[in-house]
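A quick write-up on the structure given underneath.
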Amino acid sequence: MNTRLLTKISVLGIAVVLSAGMVGCKKKSHAVPGPGPGGLEGAGPVAVAPSPDALGIMPARSGDPTQRNQPPRLAADTVHFAFDSSVVNPSERPKLDDMAAYMRENPNQIITIEGHCDERGTAEYNRSLGERRAQACREYLTGAGVDGNKLQTISYGKEKPADLGHGEEAWAKNRRAEFIITGQ
């Protein structure tokens, strides 16, 4: 064989080996050292849960494919409803009071209120109920002094469950309104 051909084969072989090595590399772990099995310090990674920033904005959970490329959500941003109801429960009002305070402190924010339902009922009925839930939250916030022009509503009905289960515990989580930052 001539030396030119050997050189080309060598270069090609090195490129293949390097490419294969790069494909097999692991990504950096986002875990921090901590107590592992048996409680021994440094014995294993501990997952770090996301926490809200100073404005109460929750970071997207990039490891969860359903949360990728989602707009920022506000911490404590879920108001739950009783079965077949769009009435804001007294126990949920403090969440809306906190949201009103946030909106008054951040008057340039635009918030979309999403109405959601559990899986029971027709798609059409649940879209209507989800809209009534979003509107009930909007009305509460405007009554608390929030500029209604900064609040949008949308209903997803039963299309985006928070819990995929099929029992009362899951259904209770799905009967909700959520608040999403959609603009400034």
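Less than 5 angstrom separates the built amide H of residue 152 from those of 111, 112, 113, all sequence-distant by 5 or more or on a different chain.
In straight-distance terms, cross-link reach from residue 173 covers every one of the aspartates and glutamates whose alpha-carbon lies under 12 Å from its own, apart from those fewer than eight places away in the same chain; here that gives 118, 119, 163. Computed from label points 7 Å out along Cα-Cβ, the spacing between residue 98 and residue 163 is 1.9 nm.
Here the residues 88, 79, 146, ranked from fewest to most Cβ neighbours within 10 Å of their Cβ, fall in the order 88, 146, 79.
Residues 155, 91, 85, 128, arranged from fewest to most other Cβ atoms within 10 angstrom of their Cβ, appear as 91, 85, 128, 155. Each Cα pair under 8 Å and six or more residues apart adds its separation to the average, and for the range 75-184 the resulting relative contact order is 39 percent. Within the range 149-182, none of the chymotrypsin sites (Phe, Trp or Tyr not before Pro) combine a DSSP coil assignment with at most 14 other C-beta atoms in a 10 angstrom radius.
Across the range 118-124, rounded Karplus estimates of 3J(HN,Hα) from the backbone phi angles (6.51 cos²θ - 1.76 cosθ + 1.60, θ = phi - 60°) give 7, 6, 7, x, 6, 4, 5 Hz, Gly and Pro being marked x.
At a 10 Å Cβ-Cβ cut-off, how would you order 77, 98, fewest neighbours first?
Sorted ascending by nearby Cβ count, the order is 98, 77.
Rule-based calculations on the coordinates, nothing more; no lab input. Not measured: the values here are computed from a predicted model. All Cβ positions, glycine included, derive from the backbone under ideal geometry; neighbour counts span all protein chains shown.
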